[in-house]
Amino acid sequence: MSGKPRLTYLNGRGRMEPVRWLLAAAGVEFEEVYLETKEQYEKLIKDGVLLFQQVPLVEIDGMKMVQTRAILSYIAGKYNLYGKDLKERALIDMYVEGISDLMHMILMFPFAAPDAKEKSLDSIKDRAMNRYFPVFEKVLKQHGQDFLVGNKFSWADVQLIEAILAVEEKVPGVLSGFPQLQVYKTKMSNMPTIKKFLQPGSPRKPPPDAHYVETVMKVFKK
């Protein structure tokens with residue numbers, strides 16, 4: 001064992017992508033194991049490795065962690081990305097939960113039926129522009145700081161830049177009415193660890209394609 005965190009999931013974004021983002025933003029190298037068959041997944045369950053018979057699975061500090069939220073909060077705490085006190089953590093949690101709601105819509109988009117794709121895309125655009133992005137535009141404008149919480153880089157910033165870029169892939173120009181977020185996106189994208197993660201050849205996964213959807217269905221089918 002190299003001592004690096006070991007991530008077990010499919011070779012695609014899904015529920016593991018925010019974990020990859022957070023580790024990369026913290027400057028932590030990690031290893032990945034990709035599930036490609038239902039048998040691989042069933043073996044993990046049979047061996048008792050998956051507490052709730054679900055992935056993502058992250059092996060870190062001698063633990064076999066499941067449940068994305070638990071994994072992310074552990075990493076955020078370990079690498080000092082979780083605020084300085086309970087109040088800051090509460091703010092980070094609120095922002096993260098809100099962003100996660102938006103990201104869940106993006107997560108499910110590739111699995112929508114072809115005739116439902118346009119409606120799903122309209123919903124993502126509407127939620128981003130009218131519910132979620134206005135919140136962060138207002139926060140940044142009100143406190144006039146570079147980061148969302150405590151004027152310090154945190155887990156919330158990592159989640160937000162991931163979400164901004166994911167929505168922009170689907171809805172180019174979505175930030176046109178959000179000048180604060182435009183500046184924020186540029187600053188975040190130029191932070192050394194994030195800039196590295198955005199380069200070709202990094203562990204960041206491309207947008208889900210038909211092959212990824214097919215693999216998900218094959219591995220997790222009942």
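The values are calculated or read from the model by the stated rules, or taken from the named source; none is laboratory data. Not measured: the values here are computed from a predicted model. Note that each Cβ is placed from the backbone with ideal geometry, even for glycine, and that neighbours are counted across all protein chains shown. The area values use the complete protein model at the heavy-atom level, side chains included, leaving out ligands, DNA and RNA. Shrake-Rupley method; radii C 1.70, N 1.55, O 1.52, S 1.80 Å.
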Rounded to whole angstrom, the alpha-carbon centroid of region 108-139 lies from that of region 159-188 at a distance of 13 Å
What number, in percent, do you get for the relative contact order of region 86-191 if the mean sequence gap of Cα pairs under 8 Å and at least 6 apart is divided by its residue count? 32 percent
Residue of ALA76, ALA116, ALA24 that the Gaussian network model of the chain assigns the largest fluctuation, springs spanning Cα pairs under 10 Å: ALA116
Past the 34 angstrom mark, what percentage of all C-alpha to C-alpha distances in the chain do you count? 14 percent
So what's the back-of-envelope 222 nm ellipticity for the chain, counting only DSSP H runs of four-plus at -39500 (n - 2.57) apiece and dividing by all residues, rounded to 500? -16500 deg cm²/dmol
Magnitude of the Cβ-charge dipole of the chain, K/R +1 and D/E -1, about the Cα centre, nearest 20 debye? 180 debye
About the Cα centre of region 86-191, what is the dipole size in debye to 20, counting +1 per Lys and Arg Cβ and -1 per Asp and Glu Cβ, all else neutral? 260 debye
For the chain, which whole-number percentage of the solvent-accessible area (1.4 Å probe, protein heavy atoms only) is attributable to carbon and sulfur atoms? 54 percent
Acute angle (nearest 10 degrees) that the helix 117-127 long axis makes with the longest principal axis of the chain, alpha-carbon atoms: 40 degrees
Reachable aspartates and glutamates from LYS221, criterion Cα separation under 17 angstrom, eight or more residues apart if same chain: GLU36, GLU39, GLU42
With Cα coordinates, the longest principal axis of the chain makes an angle with the long axis of helix 86-108, in degrees rounded to 10, of 60 degrees
Loop-located chymotrypsin sites (Phe, Trp or Tyr not before Pro) in region 38-100 whose Cβ has at most 11 other Cβ within 10 Å (DSSP): PHE52
By how many degrees, between 0 and 90 and to the nearest 10, does the Cα long axis of helix 179-189 differ from the longest principal axis of the chain? 50 degrees
Accessible area (Å², per residue) of the chain, counting only protein heavy atoms and a probe of 1.4 Å: 54 Å²
For ASP85, what is the net charge nearby, where nearby means another residue's Cβ is under 15 Å from its Cβ and Lys, Arg count +1, Asp, Glu -1? +2
Taking every DSSP bridge whose two residues both lie in the chain, the antiparallel percent to the nearest 5 is 65 percent
